[in-house]
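Everything below concerns the one structure shown next.
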Amino acid sequence: MNTNLLPCVEVEPLKQADATVIWLHGLGADGHDFAGIVPALNLPDDAAVRFIFPHAPERPVTVNNGWVMRAWYDILEMNISRKVDTDSLLESSGQVSALIRRETERGILPERIVLAGFSQGGAVAYQAGLAYPQRLAGILALSTYVPCEQSLRASVNLSHPDLPVMIAHGSRDDVVPPQLGESARELLTALGYTPQWRTYPIDHSVSAEEVEMISDWLKSILNIEA
């Protein structure tokens, strides 16, 4: 088993896991940022779902005056189109793919692994999840965007167009504007996927209503009975 994996916060189910959700945090946060969402999802007590919240590597972020913080990739220019360091994006995508492989080594089938991410984490979830050689259970993309269309198109695995993708975005988001989320939806549609799209009257955050939607979506794609 790979011993050079990203450090993670792990939340184990009450019984042996048969599914995993790998959830990637946003810029400057860490794996603890979303760990508290697990009880809020109100999954049944017998749901055998392991939650993994990795910590992104620490790196200087150009648009934040070069300050070192946890970041999945460097952002070079903070404009509507974003300019990112593709090498660090692909490096993080590879590290997330290694976590997926580790879960398969632990006995979880790829089609029982969900890749979720918020903001920067969602961007990496797109890159890693759409490129993964086996079909995953789904991709949950929260308040996020596709940072490099060229890299995504070059690596995407088009053999699983039925991959469930849920995109949710705040209509008042001034950090990642909603049009970036809509552009990601349009790109995935052009590639042959059928992403779902939800908006909420919030800023760059996650609302209680959104958490309820996420819970229902996870139950649906993982066949969890309420």
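The values are calculated or read from the model by the stated rules, or taken from the named source; none is laboratory data. If you're wondering where the values come from, they're calculated on a predicted model, not measured in any experiment. Neighbour counts run over all protein chains shown; Cβ positions are idealised from the backbone, glycine included. To get the accessible areas, we keep the full protein, side chains included, count just its heavy atoms, and leave off ligands, DNA and RNA. Shrake-Rupley method; radii C 1.70, N 1.55, O 1.52, S 1.80 Å.
For the pair residue 14 and residue 182, how long in nm is the line joining their label points, each one 7 Å along Cα→Cβ? Rounded to a tenth, the inter-label distance reads 4.4 nm.
Can you give the helix-only mean residue ellipticity at 222 nm for the chain, where every DSSP H stretch with n ≥ 4 adds -39500 (n - 2.57) and the sum goes over all residues, rounded to the nearest 500 deg cm²/dmol? Helices in the chain give a 222 nm mean residue ellipticity of -9500 deg cm²/dmol. Note on the chain: antiparallel DSSP beta bridges, both residues inside, total approximately 30 percent of the bridges counted. The shape of region 1-64 comes out oblate: with a ≥ b ≥ c from the C-alpha gyration tensor, a/c is at least 1.5 while a/b does not beat b/c. Charge dipole of region 43-131 (Cα centre as origin; +1 on each Lys and Arg Cβ, -1 on each Asp and Glu Cβ, all else neutral): 0 debye, rounded to the nearest 20.
Which shape class applies to the chain: rounded if a/c is under 1.5, otherwise prolate when a/b exceeds b/c and oblate if not, where a ≥ b ≥ c are the square roots of the Cα gyration tensor eigenvalues? In terms of gyration-tensor shape, rounded. Counting only protein heavy atoms and a 1.4 Å probe, tell me what percentage of region 1-89's accessible area is made up of carbon and sulfur. Answer for region 1-89 is 48 percent, counting heavy atoms of protein chains only. Spatially, region 120-157 and region 168-226 are offset by 14 Å when compared through their Cα centroids.
Note on the chain: with charges restricted to the Cβ of Lys and Arg (+1) and Asp and Glu (-1), its dipole about the Cα centre is near 420 debye. Just checking the listed ones, 58, 77, 209: in the Gaussian network model of the chain with Cα springs under 10 Å, the one fluctuating most is 209. Kindly identify region 178-224 as rounded, prolate or oblate by the Cα gyration tensor criterion: order the square roots of the eigenvalues as a ≥ b ≥ c, call it rounded if a/c is under 1.5, otherwise compare a/b with b/c, prolate if a/b is larger, else oblate. It is oblate, given that a/c is not under 1.5 and a/b is not larger than b/c. For the charge dipole of the chain, defined by +1 on Lys and Arg C-beta atoms and -1 on Asp and Glu C-beta atoms about the Cα centroid, which residue among 127, 36, 164 has the Cα displaced farthest towards the positive pole? Farthest towards the positive end: 127.
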